[in-house]
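Engineer: Sharing a structure below in structure tokens format, with a few things to ask.
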Amino acid sequence: MTRDDLKREVAARAAALVEDGTVVGLGTGSTATFFIECLIARATAGLNIACIPTSERSAEQARAGGLTVVTFATHQTIDIAVDGADEIKRDTLDLTKGLGGALLREKMVASAARRFIVIADEAKLVDWLGSLCPIPVEVTCFGWELTQARLRDQGAEITRRQTAAGAPYLTDGGNFILDARFPPIADAATLNRTLRAFPGVVETGLFPAMAEMALVAGANGVATYRPSGFP
């Protein structure tokens, strides 16, 4: 199976968990795209749901497929949110997210969800966050150089994200992203709090202790992971 095959398989498994009449948080990224496709197919067959997307591109896909898109103005609670991840720590389900650029909205949606489920292929499983990718940090454009210096003081190597054309990458909220490469991260919650305390940091791509469950597709099918101590 290709990685896309694995992503489709795990997306279908997650879409089957969505119940009629619920509000669903839609993630961003390649695996989330397959999840939205599965929801569109279920909605075409009669499933009635409302959706809060985490990015403009996910919103566009949802609307194009006929899904009802709502906002927090009318729905402050989400029944279930499903999203991908760039890294999943095996024992805690702490996550790295944001390589797709939507970390702020992704964290807002995940925090508002009664159930937050992460979906991925097995290549995303790690023993330590920071093993596969840098930690995205969304920062204000004003004073980003100062924020960059403060992140470097925490031991990170920093790259300001750029577009393919070489221009500074801007999030849907109009902010920069600094990709911060740390040594393997032993305590994601503490590092998240430390980074968020700096003026100029809007949000980090560290998602500690937020996922109820991870559905992970591999050669032997879809495995279910739960954080240590979660019922």
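Engineer: Across segment 173-190, what is the number of residues that are under 19 Å from A85 (Cβ atoms) and touching a residue at least 40 places away in the same chain (Cβ under 8 Å)? Please lay out each step first, then the result.
Structural biologist: Keep residues of segment 173-190 that are under 19 Å from A85 (Cβ atoms), which gives 177, 179-182, 184-189.
Those still in the list that are touching a residue at least 40 places away in the same chain (Cβ under 8 Å) too: 177, 179-182, 184-186, 188-189.
Within segment 173-190, residues that are under 19 Å from A85 (Cβ atoms) and touching a residue at least 40 places away in the same chain (Cβ under 8 Å) number 10.
Engineer: Is it true that A123 is touching a residue at least 60 places away in the same chain (Cβ under 8 Å) and either closer than 14 Å to R90 by Cα or not aliphatic (A, V, I, L, M) (or both)? Explain how you work it out, then say what you get.
Structural biologist: Working: touching a residue at least 60 places away in the same chain (Cβ under 8 Å): yes; either closer than 14 Å to R90 by Cα or not aliphatic (A, V, I, L, M) (or both): yes.
Answer is yes for this residue.
Engineer: Another one. Please work out which residue is nearest to A209 (Cα to Cα), limiting yourself to segment 128-153 and to residues that are out of contact with any strand residue (DSSP E or B) (no Cβ under 7 Å at 6 or more places or on another chain) and of a type in the set (D, E).
Structural biologist: Looking at residues that are out of contact with any strand residue (DSSP E or B) (no Cβ under 7 Å at 6 or more places or on another chain) and of a type in the set (D, E), I get D153.
Engineer: What are the pairs with Cβ atoms under 7 angstrom where one residue, in segment 61-84, is of a type in the set (K, R) and the other, located anywhere, is surrounded by 11 or more Cβ atoms within 10 Å (Cβ to Cβ) and at pLDDT 95 or above? Sequence gap at least six, or different chains.
Structural biologist: So the pair list comes out as R63/V69.
Engineer: Looking only at residues that are assigned to a helix (DSSP H, G or I) and of a type in the set (S, T, Y) in segment 1-60, which one is nearest to T171 (Cα to Cα)?
Structural biologist: Residue satisfying both the conditions and the ranking: S58.
Engineer: Does any residue of segment 88-111 turn out to be crowded, with 17+ Cβ neighbours inside 10 Å, among the small types (G, A, S), modelled with pLDDT of 95 or more and in a helix (DSSP H, G or I)?
Structural biologist: Yes: one or more hits.
Residue by residue, here is whether (1) in a strand (DSSP E or B); (2) surrounded by 12 or more Cβ atoms within 10 Å (Cβ to Cβ); (3) touching a helix residue (DSSP H, G or I) at 6+ places or on another chain (Cβ under 8 Å) holds:
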| site | (1), (2), (3) |
| --- | --- |
| S131 | no, yes, no |
| V137 | yes, yes, yes |
| F142 | no, no, no |
| Q148 | no, yes, no |
| T159 | yes, yes, no |
| A165 | no, no, no |
| L170 | no, yes, no |
| G173 | no, yes, yes |
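The values are calculated or read from the model by the stated rules, or taken from the named source; none is laboratory data. Values in this document were obtained by computation on a predicted structure and should not be read as measured data. Please note: Cβ atoms are built from the backbone with ideal geometry, for glycine as well, and neighbour counts cover all protein chains shown.
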